[in-house]
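Visitor: Pasting a structure below so you can have a look.
The values are calculated or read from the model by the stated rules, or taken from the named source; none is laboratory data. Keep in mind that what you see is a predicted model, and the values were worked out from it rather than measured. Glycine gets a Cβ as well: all are built from the backbone with ideal geometry, and neighbour counts include every protein chain shown. Quick note on the areas: whole protein, heavy atoms, side chains included, nothing else; ligands and nucleic acids left out. Shrake-Rupley method; radii C 1.70, N 1.55, O 1.52, S 1.80 Å.
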Amino acid sequence: MLTTGSLRVKTGYLTAFLLLLVSYFLIFLTLQQFLTQSKWIEHTDLVINNLETLSAYTNEAEGAARGFVILNDTDHLKTFYASTKKIDSLLKNIDSITSDNIVQQRRTDTLKALTQEKLGRMYRGILLYRQGGNIVTGELKANSDVGKNLMVNIRNVMEEMEKTERELLQFRKGKLNTVSTSIKIITISSLIIALLLSTYSFVTFSKESNAKLKADEQAKSYRKELENKVKELQDANTELRELRSLEKFTATGRIARTIAHEIRNPLTNIMLAVEQIKSTPDHDEETIMLLDMINRNGGRINHMISDLLTSTKFAQLQYSKIDINLLIDETLELARDRIDLKHIQLEKDYCNPGCSVFVDVEKMKIAFLNVVVNAIEAMESEKGVLKIEANEDGDKCIIEIKDNGSGMNEETLQKIFDPYFTNKPGGNGLGLTNTQNIILNHKGSIFAKSRFGEGSIFTIVLSTV
């Protein structure tokens, strides 16, 4: 015969089991919704990527057609014909993946019509140029003016489509977050209820004080274990972020080296060809001017490639031991003129004594200086506050550089370490890429947090000696 306590225990466990079963069913349903929303987000990203690719190939085709007319170089024609084939393929793909949206389908039809007309006029322009004996005629100029207007209309349609897709992306991300939150709420609620019922059943069954004490000790053990698991999860998440950052940097380096190889080979041929042409006699002034222009811009491209490779490769380091407080102060002296010019308020909060690090001092100054200069430029004159903190946490030295400047939105934050990404007029977009390169070379890590209008925080973590 079941006692009252035993009946309560069995009832509690059964209830807990049923609640878990229901919660797992609900989690399954919400996970299906989660997967559905994820697919729609991937679909929206695909549409945006296709539109951006179409824009790039359209510009490439137009540039190739102009290059043929200007330079009378048939290589440009090959580029033009190759681009038109890719454009046709992209238009068909966009037409297929936007078939679920009537508004986008109409815009796609308009885009196809405008693009086909644009390509037709470019073909006609090339034909007119050839028929006119490779001379730019008035009819060719008129055809070019119409083509420009078509290109403006094409860009407007693409912008409207991208805007719509980005709005859909935000909406679908919102739904995805809602589903994710639902999963968390269901899971946590069911676990809490199940834990409470199980605890209630166990306490009811345990009549003696020793059993209660044992239950308390066990609960403390579970709590400690959970805290350890949470800490392990946080550490694992940090390691994952560092690994992703390193993988992204490594991939960027591979891409940069590939681009450099693919560009430098034809660029070298172009430069040699220019020098060969210049060495032949009887050139008029216009030809010499054009050859010098090609030579000058070829050198500029070569210099840009060298900068890209420098900022994305692992370099040889000259290590030496230095106090982090001294290293930061020496870096700030390099930026003193900028700080004084904008009347920036400087606040320093260093650990005492400062932690010692084993680094390439000059390269680390460059890394810190890039972050400090960006912070200064993001702040208003006479209103900016630059705060630098340095603390030691076990075998890690943590440096935080904070500003109260304009801040960054999430999209910008995800791209700040990408080569050639910049929001500054005149910036080359390699400063923070180089900074990340130096930090990763030292087996450290760098992260950024920011909110638009609220300033930014850059955190650099280095190993102590």
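Visitor: Among the listed residues K173, K148, K141, which satisfies the condition of being open to solvent by 70 Å² or more (accessible area, probe 1.4 Å), touching a helix residue (DSSP H, G or I) at 6+ places or on another chain (Cβ under 7 Å) and not aromatic (F, W, Y)?
Guide: Values: K148 fails: touching a helix residue (DSSP H, G or I) at 6+ places or on another chain (Cβ under 7 Å); K141 fails: touching a helix residue (DSSP H, G or I) at 6+ places or on another chain (Cβ under 7 Å).
When all the criteria are applied, what remains is K173.
Visitor: Starting from the range 450-465, take each residue that is under 18 Å from V385 (Cβ atoms) and list its partners that are among the aliphatic types (A, V, I, L, M) and assigned to a strand (DSSP E or B), counting only C-beta distances under 6 angstrom and pairs at least six apart or across chains.
Guide: F458/I401; F458/A448
Visitor: Answer yes or no: is there a residue in the range 410-420 that is more than 30 Å from T464 (Cβ to Cβ), at pLDDT 85 or above, open to solvent by less than 60 Å² (accessible area, probe 1.4 Å) and out of contact with any Gly (no Cβ under 8 Å at 6 or more places or on another chain).
Guide: yes
Visitor: Within the range 201-223, how many residues are open to solvent by 100 Å² or more (accessible area, probe 1.4 Å) and modelled with pLDDT of 70 or more?
Guide: Here is the first cut: in the range 201-223, the ones open to solvent by 100 Å² or more (accessible area, probe 1.4 Å) are 205, 207-208, 210, 212, 214, 217, 220, 222-223.
If we keep only those that are modelled with pLDDT of 70 or more too, we end up with 214, 217, 220, 222-223.
Residues meeting the conditions: 5.
Visitor: Right, here's the next one. For E227, indicate whether it is open to solvent by 100 Å² or more (accessible area, probe 1.4 Å) and modelled with pLDDT of 80 or more. Can you show your working first?
Guide: Numbers: open to solvent by 100 Å² or more (accessible area, probe 1.4 Å): yes; modelled with pLDDT of 80 or more: yes.
The answer is yes for E227.
Visitor: Right, another one. Looking at (1) crowded, with 17+ Cβ neighbours inside 10 Å; (2) not in a helix (DSSP H, G or I), can you tell me which one D100 breaks?
Guide: Unmet condition: (1).
Visitor: So, in the range 51-76, of the ones that are crowded, with 16+ Cβ neighbours inside 10 Å and among the aliphatic types (A, V, I, L, M), which residue ends up farthest from E139 (Cα to Cα)?
Guide: So, considering only residues that are crowded, with 16+ Cβ neighbours inside 10 Å and among the aliphatic types (A, V, I, L, M), the one farthest from E139 (Cα to Cα) is L51.
Visitor: So which residues in the range 124-138 are open to solvent by 30 Å² or more (accessible area, probe 1.4 Å) and touching a residue at least 40 places away in the same chain (Cβ under 8 Å)?
Guide: N134, V136
Visitor: Just to be sure I understand the filter: pairs with C-beta atoms under 8 Å, separated by 6 or more residues or on different chains, first member in the range 255-284 and modelled with pLDDT under 75 and assigned to a helix (DSSP H, G or I), second member basic (K, R) and open to solvent by 80 Å² or more (accessible area, probe 1.4 Å). Which pairs pass?
Guide: Correct list of pairs: A256/K313; R257/K313.
Visitor: Considering only residues that are in contact with a Phe, Trp or Tyr (Cβ under 9 Å, 6 or more places away or on another chain) and of a type outside the set (G, A, S), which ones fall in the range 378-402? Don't jump to the end; show me each part of the working.
Guide: Of the residues in the range 378-402, the ones in contact with a Phe, Trp or Tyr (Cβ under 9 Å, 6 or more places away or on another chain) are 388-391, 399-402.
Once the filter is applied, which keeps residues that are in contact with a Phe, Trp or Tyr (Cβ under 9 Å, 6 or more places away or on another chain) and of a type outside the set (G, A, S), the range 378-402 yields I388, E389, N391, I399, E400, I401, K402.
Visitor: State the number of residues belonging to the range 48-74 that are without any contact (Cβ under 8 Å) to a residue 24 or more places away in the chain and part of a helix (DSSP H, G or I). Steps first, answer last, please.
Guide: First pass over the range 48-74, keeping only residues without any contact (Cβ under 8 Å) to a residue 24 or more places away in the chain: 49, 56, 59-60, 63-64, 66-67, 70-71, 73-74.
Narrowing further to those that are part of a helix (DSSP H, G or I): 49, 56, 59-60, 63-64, 66-67, 70-71, 74.
So the answer is 11.
Visitor: Continuing with the same structure: Select from the range 329-354 the residues that are over 12 Å from V372 (Cβ atoms) and of a type in the set (A, V, I, L, M, F, W, C) and list them in ascending order.
Guide: Selection gives L341, C351.
Visitor: Further, regarding this structure: D45: at pLDDT 75 or above, open to solvent by 30 Å² or more (accessible area, probe 1.4 Å) and assigned to a helix (DSSP H, G or I), yes or no?
Guide: Working: at pLDDT 75 or above: yes; open to solvent by 30 Å² or more (accessible area, probe 1.4 Å): yes; assigned to a helix (DSSP H, G or I): yes.
In short, yes.
Visitor: Something else now. Filter the range 77-87 down to residues that are within 33 Å of the chain's Cα centre (by Cα) and touching a residue at least 12 places away in the same chain (Cβ under 8 Å), then give me how many there are.
Guide: Number satisfying all stated conditions: 6.
Visitor: Scan the helices (runs of 4 or more DSSP H) fully inside the range 319-409 and keep the ones with 3 or more residues being of a type in the set (A, V, I, L, M, F, W, C) and open to solvent by 10 Å² or more (accessible area, probe 1.4 Å). Before the answer, list the steps.
Guide: Details: elements: 324-334, 336-341, 361-378.
Correct list: 361-378.
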